[in-house]
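First the structure, in the form of structure tokens, and then the observations on it.
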Amino acid sequence: MSLDPRTVSAAEFPDWTRAVGTGFLRSDPVPEEEIAVRMAHVDLSRVQGVFDAGRCVATFRSFAQELTVVGGATVPADAITGVTVTPTHRRRGLLGRMMAADLAAAKERGDVVASLIAAEYPIYGRYGFGPASWTTEWEIDVPRAGLDPRARVPSEADGGRIELVDGADVRKLGPELHGRLAARQHGVVSRDERWWQRGTGVDVPAADGWKEPFHAVYRSADGETDGLITYRADDHWGDRKQPLNTARVANMIAASPEAERALWRFVCSIDWITTVRTGYRAPDDLLPLFLPDPRAARPVTQADWLWLRVLDVCRALEARTYASEAALVLDVRDASGLSGGRFLLEATPSGASCTPTTRGADLALDVAELGALLLGDESPVRLAALGRLDEHRPGAAVLADTLFRAPRRAWCPDIF
């Protein structure tokens, strides 16, 4: 029997959902009401499955997304999620065929890049994806941090204040605040209404073990909401009847360093909290240096995060800004034929033009390496040293390194 990917019907969606759970080693059945909620927020025309004897054995889904690039502009992205192949059907090319169909459709739609969060590192490079941002999680030893427990929160005399809010407030205030973050932080991806609903308990089934979090906002002296933090706390006491609780941050976005500092100091000042897990942050996050003793923030996770696959080289390179003014000819290799070619990039700090060219190449690289470079988080010099980028003109890698560099590292706050 032919095992060909195809779009999934509404009647097949429950079995598709079961197969996703199998792929991610989740054996508990998804309740019917949860399947109905999920299907109401899914574009079935972008849901693929492979069926064997009527049973779904491979899954793939994509959805529309906006990605912020260096300089604050956004580009349309094909966000990929729910990718699984059942263990009994591995090594049959099922993922490759689903990926090819999705990327071709994304190219036809006019998406500039495809994006995903890779569960495993070795899989997606062969489809032209490169790791474009990394993430770090810290664990803060609060007693060691050196914060004065008697200080006001926020401790800075800037007129700002912290307020506890509820989920309805978060759904009202969060989207505008996230938009301000996206306008200045490359690597941020869009959040739709459903994202804010799920993060505040709307239509979350009891089977998911929903635990209501705490939400707090930072308001500046003029009353502007400049920051938001969502966290949960456990209930752990030591043998000598002392509280040893951990606060786990689920979401923290800030539109200013002042808001960021105030929110971190707030969560570290909560009575009974002795440990704070920060959630996934940018590798160059300011957090450790907000503490009197930065060593109190211990990195516990450091890993690749957002992966990008360039679908339109010219639009991708023209969308972002650059650190200096220069011209480079890039020979981009793409085995799939989707976006390869030779391109002249003429870049300035205020913008760029990119056009196909027949001029001799300065640098040659695979489309996956271009994805890693796009947000400025990887170095052409490093890639050349690794043999993953070929320098055809002496000094071109150093020039590209200066050109593509961003003032801060890329950061994607979300998993999808």
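Can you classify segment 117-181 as rounded, prolate or oblate using the Cα gyration tensor, where a ≥ b ≥ c are the square roots of its eigenvalues, rounded means a/c under 1.5, and otherwise it's prolate if a/b beats b/c and oblate if not? Oblate, since a/c reaches 1.5 and b/c is not below a/b.
When all alpha carbon pairs of the chain are counted in 10 Å bins from zero, the resulting P(r) reads 4, 20, 27, 25, 17, 6, 1, 0 %. Candidates ALA352, TYR322, ALA303 compared by Cα position along the dipole of segment 278-359: farthest toward the positive end lies ALA303, with charges placed on Cβ. Entry note, segment 124-204: relative contact order of 22 percent, from Cα contacts under 8 Å with a spacing of 6+ residues.
DSSP assigns beta bridges within segment 1-122; of those with both partners inside it, close to 85 percent run antiparallel. The trypsin sites (Lys or Arg not before Pro) of segment 227-329 meeting both criteria, a DSSP state outside H, G, I, E and B (loop) and at most 11 other C-beta atoms within 10 angstrom of the site's C-beta, are ARG240, LYS241. Extension gain for HIS41-ARG180 works out to 47.5 nm (0.36 nm per residue, less the C-alpha to C-alpha distance).
Taking square-rooted eigenvalues a ≥ b ≥ c of the alpha carbon gyration tensor, is segment 45-149 rounded, prolate or oblate, where a/c under 1.5 means rounded and, failing that, a/b exceeding b/c means prolate? The shape class here is oblate.
Taking every protein chain into account, the 1.4 Å probe leaves CYS314 with about 20 Å² of accessible area, to the nearest ten. Distance between the C-alpha centres of segment 259-281 and segment 113-151: 17 Å, rounded to the whole angstrom. Summarising the strand pairing of the chain, around 85 percent of its internal DSSP beta bridges are antiparallel.
For TYR121, the accessible area of its heavy atoms, probed at 1.4 Å with every protein chain present, is near 110 square angstrom.
What does the C-alpha gyration tensor say about the overall shape of segment 55-114? Classify as rounded when a/c is under 1.5, otherwise prolate if a/b is larger than b/c, or oblate. Prolate, because a/c is 1.5 or more and a/b exceeds b/c. Here each label is just a point 7 Å from Cα along the line to Cβ, and for ARG6 and ARG109 those points are 2.2 nm apart.
Across segment 78-151, Cα pairs under 8 Å and at least six residues apart give a relative contact order of 34 percent.
Projecting the Cα positions of THR135, LEU103, GLY167 onto the charge dipole of segment 31-183 (unit charges on Cβ atoms of Lys, Arg, Asp and Glu, taken about the Cα centre) puts LEU103 furthest along the positive direction. Please work out the C-alpha center-to-center distance from segment 4-32 to segment 348-416 and express it in whole Å. Going from one Cα centre to the other spans 39 Å. Label-to-label distance, GLU212 versus THR357, with points set 7 angstrom from Cα along the beta-carbon direction: 6.1 nm.
Could you give the longest part of the chain that holds none of the GluC sites (Glu not before Pro) found in DSSP loops with at most 13 neighbouring Cβ atoms within 10 Å? It runs 157-324.
With the whole protein complex present, LEU181 retains an accessible surface near 10 Å², based on a 1.4 Å probe. Residue by residue, segment 170-175 carries 3J(HN,Hα) couplings of 4, 5, 7, 8, x, x Hz when phi is fed to the Karplus relation 6.51 cos²θ - 1.76 cosθ + 1.60 (θ = phi - 60°); x denotes Gly or Pro. Placing +1 on the Cβ of every Lys and Arg and -1 on the Cβ of every Asp and Glu, with nothing else charged, gives the chain a dipole about its Cα centre of roughly 640 debye.
Over the chain, Cα pairs under 8 Å with separation of 6+ residues give a relative contact order of 19 percent.
Site pair GLU66 and LEU25 shows an inter-label distance of 3.8 nm when each label is modelled 7 Å from Cα along Cα→Cβ. To one decimal place, what Kirkwood hydrodynamic radius in Å is obtained for segment 252-315 from all pairs of distinct Cα atoms? So the Kirkwood estimate lands at 14.2 Å.
The values are calculated or read from the model by the stated rules, or taken from the named source; none is laboratory data. Given the structure is predicted, the values throughout are model-derived calculations rather than measurements. In this analysis, Cβ positions are derived from the backbone assuming ideal geometry, glycine residues included, and neighbour counts consider all displayed protein chains. Just the protein is used for accessible areas: all its heavy atoms, side chains included, with ligands, DNA and RNA removed. Shrake-Rupley method; radii C 1.70, N 1.55, O 1.52, S 1.80 Å.
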